[in-house]
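For reference, the structure is listed below as structure tokens.
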Amino acid sequence: MENTAVIFANRNFKLKSVNAKKFALWLFIVSICMLFAGLTSAYIVKKSDGRWLQFDMPDMFLYSTLVLVLSSIAMHWTYLKAKDNSLKAVKIGITATAAIAVVFFYMQYLSWVKLVAQDVFLVGNPSGSFVYIFSGLHLAHLIGGLVFLLVVFLDTINYKVHSKSMLAIEMCTTYWHFLGGLWIYLYLFLVMNN
Amino acid sequence: MSITDIQVTDEAVHGDDHHEEHHEQSFIFKYIFSTDHKTIAKQFLITGIFWAILGGGLSVIFRLQLGFPDMNMGFLQPFLGDWISNSGKLDPEFYLAMITMHGTIMVFFVLTAGLSGTFSNYLIPLQLGARDMASGFMNLLSYWFFFLSSVIMFISMFLSTGPASGGWTIYPPLSALPQAMSGSGMGMTLWLVSMVFFIASTLLGGINYITTVINLRTEGMTFRRMPLTIWAFFITAVLGLLSFPVLVACVLLLVFDRSFGTSFYLSEIFIGGEALPNLGGSPILFQHLFWFLGHPEVYIVILPALGITSEVISTNSRKPIFGYTAMIGSILAIAFLSFIVWAHHMFITGMNPFLGSIFMFLTLIIAIPSAVKAFNYITTLWKGNLVFTPAMLFSIGLVSFFISGGLTGLFLGNAAIDINLHDTYFVVAHFHLVMGSAAFFGLLAGVYHWFPKMFGRMMDEKLGYIHFWLTFVGVYLVFFPLHYIGIAGFPRRYYSFTNFDAFSSFVDLNSFVTVAAIITFGAQFIFLFNFFYNIFKGKKAPLNPWNSNTLEWTTPRVPEHGNWPGEIPKVYRWPYDYSKPGAEDDFIPQTVPYHKTKESNTDFENEESKKE
Ligand code: HEM
Ligand SMILES: [Cu+2]
């Protein structure tokens, strides 16, 4: 119909200030923060209520946390390589990030196995259930992150990621670091409160 | 992941994509899977109307039970089937199912999705001077998630075990244990699934609204020049973004309790003499999480209605809104405070009385920004050249309900009084006036006011007046008596009171309320006729039927995709220049630059005009 050109000409003019996509990503992150803020507050409220099972967090959670930090470093390296236009390095970087994330998945699973060995089950005292819920929900968000990585990977193959087109990988990096930070928060929260 | 789906981009490439899609827009993409904000708004409106009829219909049926407990309801058997016994009695469990569905439908589907979904979608781009929402695709998803959620909730009403029945607040353990009541089985499961999609829809919509307001304002549309409607929608979306994720947390733990056997909300429960294995949980935890959403939710419902009212009252008083800055300030204050008062719904849960008085204090503070808003509406009306359009009447009605319902909030906010009044009909009266009726009136005011823009035709004013007076008087006749019934101690959510001698003197009052409710409900059909008939047959609307200042009235009679055929208009002034001293007309649209209105400019505006 009429004037589609005008429509987008006008949009361009306004979008120069803040990028709407990036902004929306930040809002999405805010909503995830509220989700976990709600859950961790629930943890504190429940704990102050008594009938609370005390147990030690398996060391495996510490190791997995370090692994996740490693994947964030890999992601950042990838991002810098994209800025340099070294697409091959970008592909390697994304693959490495994802691979480390898969290791993280496995280590979280091992932590659960350790918990079970300590007689802390999903079904039982809420103090244990919360650990499973926190880590499980974090993993669910990480799956989203993996899908995002895949998208960026495909973009890279199609030469859509380079120093002049950084939006996708920038957003992906933001989200990935956020997930890393989120887990560190959850881990520290659990260690300090248990 | 929703993030990857956002469509807006400043790359030119995207414009081309869109171009193709544009030419071969088939019926399906134009009217069903449309990404145009105006179409999506209408979809939300029509779906909301559907739910409102259903939710209202349910209330009439359970009012019959309360008002005429001995009545033979056999005539409802064709609709309700086995829920009516052969002797013509309503099934007590189905009574609970109906009040639960009524609450859920009204709070979430009508007054959240129907109100914000319609008017945020419709007005944000039009009043800000944008071609569309930041992401048409997310907007489309937002509607269709809502649709899916609606379908699931609708289906749940036809289960043989009945839909969820534990009240719209779905407190465990009732909602957590399928053994507890028949509605807590499959009905509750579908309720939860439906709400998950509902929340997804709200979040997608909200992210979109916020992004659009921040990024897509036209040139000159500073925050200080935004209409109060937009301010209200904007803050509402922020509230939703912050509170709905907490409902997700709340519901998630409930799902785990129901389906995986965890004990977040359950402890030491005996059913039929047998102990359940769950230990260590607490149902109070649920209430904390629920009301952390639940209280902001009531403001998510009312703020858009207040925004619409600001716009309608100012336009039809032919006066600038009184205290524009104070209005914004009070919206922000209400939004902030609404996050720290949730425990006023929990005064009788055995909370520490000291904590109770803190929440009492915070709760009563909310009365201040609320009163500021009420005061500003009245002062805007004061000595205005009032034009009583139906929209104006409904807005004034809103102000009336907001005040009379807000006053009872002050009683309830006092822990000592609330211990008596909690869970009685007094609470029902309070929130039906301050939230239910007020927000509903805001919705109606919005429809009457923006109908000419939405459909390019006019609604019938006379029918509008009849609709208004019947509804306005009806609402008071229905809800005012409930205060007395509540003070007398009637608990809410009871199937019948005939077994309590103490309440026998209220039988007539209850019948009276029921009759008033039926009349009020009936009056809504006048509106429905007026609405649907005039979509097709109404008088063609002029471009600016209410002589309004905002940008939506600068579009063609029926705006196409993209809203303005030519360039997007620029904005030079705030939207409330009504009856400005010295000006030729009694309104100056936002698109008129200061240098064209020398006769009415202030010194400051003359300075500004040099920069234009
Ligand atoms: C002056 C401001 C207000 C105060 C002090 C106030 C106070 C309260 C209190 C203390 C309760 C709990 C009563 C109980 O369950 O025992 C309550 C219930 C409620 N209020 Fe208000 N309120 C105010 C304004 C509002 C507004 C503006 C809305 C909606 C727009 C609203 C909606 C509700 C709803 C929906 C409930 C009942 C929820 C339920 O249990 O189902 N209130 N209010
Ligand atoms: Cu509240």
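The values are calculated or read from the model by the stated rules, or taken from the named source; none is laboratory data. Worth saying up front: this structure is predicted, and the values here are computed from it rather than measured. Glycine gets a Cβ as well: all are built from the backbone with ideal geometry, and neighbour counts include every protein chain shown.
Among the candidates B:K373, B:K383, the residue that is among the basic types (K, R), within 13 Å of ligand 1 (Cβ to nearest atom) and out of contact with any Pro (no Cβ under 7 Å at 6 or more places or on another chain) is uniquely B:K373.
Among residues of segment A:58-109 being touching a His at 6+ places or on another chain (Cβ under 8 Å) and surrounded by fewer than 17 Cβ atoms within 10 Å (Cβ to Cβ), the one that is nearest to A:G128 (Cα to Cα) is A:H76. Within segment A:113-131, the only residue that satisfies the criterion of being assigned to a helix (DSSP H, G or I), in contact with a helix residue (DSSP H, G or I) (Cβ under 7 Å, 6 or more places away or on another chain) and surrounded by fewer than 20 Cβ atoms within 10 Å (Cβ to Cβ) is A:K114. Test of understanding: among B:A416, B:A439, B:A367, which residue is modelled with pLDDT under 95 and out of contact with any Gly (no Cβ under 8 Å at 6 or more places or on another chain)? When all the criteria are applied, what remains is B:A416. Within segment B:167-186, the set of residues being over 22 Å from the mean Cα position of the chain (by Cα), touching a residue at least 24 places away in the same chain (Cβ under 8 Å) and buried (at least 24 other Cβ atoms within 10 Å of the Cβ) comprises B:P172, B:S175, B:A176, B:G183. Scanning segment B:286-301 for any residue that is in a helix (DSSP H, G or I), β-branched (V, I, T), away from ligand 2 (no atom under 16 Å from the Cβ) and under 14 Å from B:T169 (Cβ atoms) turns up nothing.
Taking the stated definitions as given, is B:Y299 near ligand 1 (Cβ under 10 Å from one of its atoms), surrounded by 23 or more Cβ atoms within 10 Å (Cβ to Cβ) and of a type in the set (F, W, Y)? Yes: the conditions hold for B:Y299.
Being touching a residue at least 60 places away in the same chain (Cβ under 8 Å) and not in a helix (DSSP H, G or I) is the filter here, so list the residues in segment B:384-427 that pass it. B:G384, B:N385, B:L386, B:V387, B:F388, B:T389, B:G413, B:H422, B:D423, B:T424, listed by residue number.
Mind checking which residues of segment B:255-269 are crowded, with 24+ Cβ neighbours inside 10 Å and within 15 Å of B:S184 (Cβ to Cβ)?
Passing the criteria: B:D257, B:Y265, B:L266.
Going through (1) more than 16 Å from ligand 2 (Cβ to nearest atom); (2) of a type outside the set (D, E, K, R); (3) in contact with an Asp or Glu (Cβ under 6 Å, 6 or more places away or on another chain) one by one, B:V387 falls short only on (3). When restricted to residues that are in contact (Cβ under 8 Å) with a residue 12 or more places away in the chain and within 15 Å of A:S41 (Cα to Cα), segment B:245-282 contains 12. Select from segment B:482-503 the residues that are touching a residue at least 12 places away in the same chain (Cβ under 8 Å) and not in a helix (DSSP H, G or I) and list them in ascending order. Selection gives B:A488, B:G489, B:F490, B:P491, B:R492, B:R493, B:Y495, B:S496, B:F497, B:T498.
So that you can scan it fast, the table gives a plain yes or no per residue for (1) more than 14 Å from chain A (Cβ to nearest Cβ); (2) within 16 Å of ligand 1 (Cβ to nearest atom):
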site	(1), (2)
B:E274	yes, no
B:G280	no, no
B:L289	no, yes
B:P304	yes, yes
B:I331	yes, yes
B:L355	no, yes
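A count restricted to segment B:367-381 and to residues that are within 15 Å of ligand 2 (Cβ to nearest atom) and either more than 10 Å from B:S330 (Cβ to Cβ) or within 14 Å of chain A (Cβ to nearest Cβ) (or both) stands at 1. Residues of segment B:334-351 that are of a type in the set (F, W, Y), within 14 Å of ligand 2 (Cβ to nearest atom) and either under 19 Å from B:S282 (Cβ atoms) or free of Cβ contacts under 8 Å to residues at least 60 places away in the same chain (or both): B:W342, B:F347.
When B:W144 is tested against (1) in a helix (DSSP H, G or I); (2) of a type in the set (A, V, I, L, M, F, W, C); (3) surrounded by fewer than 24 Cβ atoms within 10 Å (Cβ to Cβ); (4) touching a helix residue (DSSP H, G or I) at 6+ places or on another chain (Cβ under 6 Å), exactly one condition is not met: (4). The listed residues are B:T189, B:T218, and the only one of them that is touching a residue at least 60 places away in the same chain (Cβ under 8 Å), part of a helix (DSSP H, G or I) and either away from chain A (no Cβ under 13 Å) or closer than 27 Å to B:L241 by Cα (or both) turns out to be B:T189.
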